[in-house]
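Reading through the structure tokens given below for one structure.
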Amino acid sequence: MENKLHAHHYRIEVWLEGTVLDQHGYLVDIVDIENNLEALVTRFRDQTLNDLPEFVGLNPSIEHFARICCQAFVARIQAGNITAVSVKIWENEIAWAVFREER
């Protein structure tokens with residue numbers, strides 16, 4: 001199936017790391033995280049990755065997809081006390097990739 005157009009129903013996991021909690025005892029505002037994660041999912045939902053500008057010249061692998069999603073998510077979130085973000089994308093029950101970005 002390699003190099004043939006095919007679909008996947010991806011599952012995404014996001015890990016947020018930090019060493020300092022805010023004044024309320026939270027690492028992040030979960031509503032901000034949920035909203036930005038939903039915006040990220042909406043960006044890619046029902047799209048052909050090969051047709052998106054983020055994938056120009058790239059193989060639409062889950063490794064590239066995890067990196068692209070992680071970097072896009074990091075750019076959106078406002079939590080200043082986050083020290084690292086990891087995005088794990090599952091292609092199926094055995095195939096996945098993780099990309100981690102430190103801030």
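The values are calculated or read from the model by the stated rules, or taken from the named source; none is laboratory data. Given the structure is predicted, the values throughout are model-derived calculations rather than measurements. Heads up, the Cβs are rebuilt from the backbone with ideal geometry, glycines too, and the neighbour counts pull from every protein chain shown. Surface accessibility is based on the protein's heavy atoms, side chains included, excluding ligands, DNA and RNA. Shrake-Rupley method; radii C 1.70, N 1.55, O 1.52, S 1.80 Å.
Counting just the residues of the range 44-55 that are at pLDDT 95 or above and open to solvent by 50 Å² or more (accessible area, probe 1.4 Å), which one comes out nearest to R100 (Cα to Cα)?
Among those that are at pLDDT 95 or above and open to solvent by 50 Å² or more (accessible area, probe 1.4 Å), it is E54.
Return the pair list, or none, for Cβ contacts closer than 9 Å from residues in the range 86-103 that are closer than 15 Å to F44 by Cβ to residues that are open to solvent by 50 Å² or more (accessible area, probe 1.4 Å) and hydroxyl-bearing (S, T, Y), at least 6 apart or on different chains.
Pairs found: I89/Y10; W90/Y10; E91/Y10.
If you take the residues of the range 56-65 that are at pLDDT 95 or above and touching a helix residue (DSSP H, G or I) at 6+ places or on another chain (Cβ under 8 Å), which of them is least open to solvent (accessible area, probe 1.4 Å)?
F65
When you scan the range 63-79, do you find a residue that is of a type in the set (D, E) and more than 19 Å from K4 (Cα to Cα), even just one?
Looking through the range 63-79, none of the residues is of a type in the set (D, E) and more than 19 Å from K4 (Cα to Cα).
Do you know which residues across the range 81-93 are closer than 23 Å to R11 by Cα and open to solvent by 20 Å² or more (accessible area, probe 1.4 Å)?
Across the range 81-93, the qualifying residues are K88, W90, E91, N92, E93.
Between residues in the range 1-29 that are open to solvent by less than 100 Å² (accessible area, probe 1.4 Å) and assigned to a loop (DSSP other than H, G, I, E, B) and residues that are at pLDDT 95 or above and not hydrophobic (A, V, I, L, M, F, W, C), which pairs lie under 9 Å by C-beta distance while being six or more apart or on different chains?
V20/T83; L27/E17; L27/G18; V28/G18
Can you list residue pairs whose Cβ atoms sit under 8 Å apart, with the first residue in the range 43-62 being part of a loop (DSSP other than H, G, I, E, B) and the second being loosely packed, with under 13 Cβ neighbours inside 10 Å? Count only pairs 6 or more apart in sequence or on different chains.
Pairs found: T48/L5; P60/N50.
Out of the range 72-85, which residues are without any contact (Cβ under 8 Å) to a residue 40 or more places away in the chain and in contact with a helix residue (DSSP H, G or I) (Cβ under 9 Å, 6 or more places away or on another chain)?
Of everything in the range 72-85, just one residue is without any contact (Cβ under 8 Å) to a residue 40 or more places away in the chain and in contact with a helix residue (DSSP H, G or I) (Cβ under 9 Å, 6 or more places away or on another chain), namely A72.
Applying the selection to the range 66-80, what residues are assigned to a loop (DSSP other than H, G, I, E, B) and open to solvent by 40 Å² or more (accessible area, probe 1.4 Å)? Break it down stepwise before answering.
Quick first cut of the range 66-80, residues assigned to a loop (DSSP other than H, G, I, E, B) only: 77-80.
Q78, G80 - these are the residues of the range 66-80 that are assigned to a loop (DSSP other than H, G, I, E, B) and open to solvent by 40 Å² or more (accessible area, probe 1.4 Å).
On the basis of being among the hydroxyl-bearing types (S, T, Y) and not in a helix (DSSP H, G or I), does T83 make the cut?
yes
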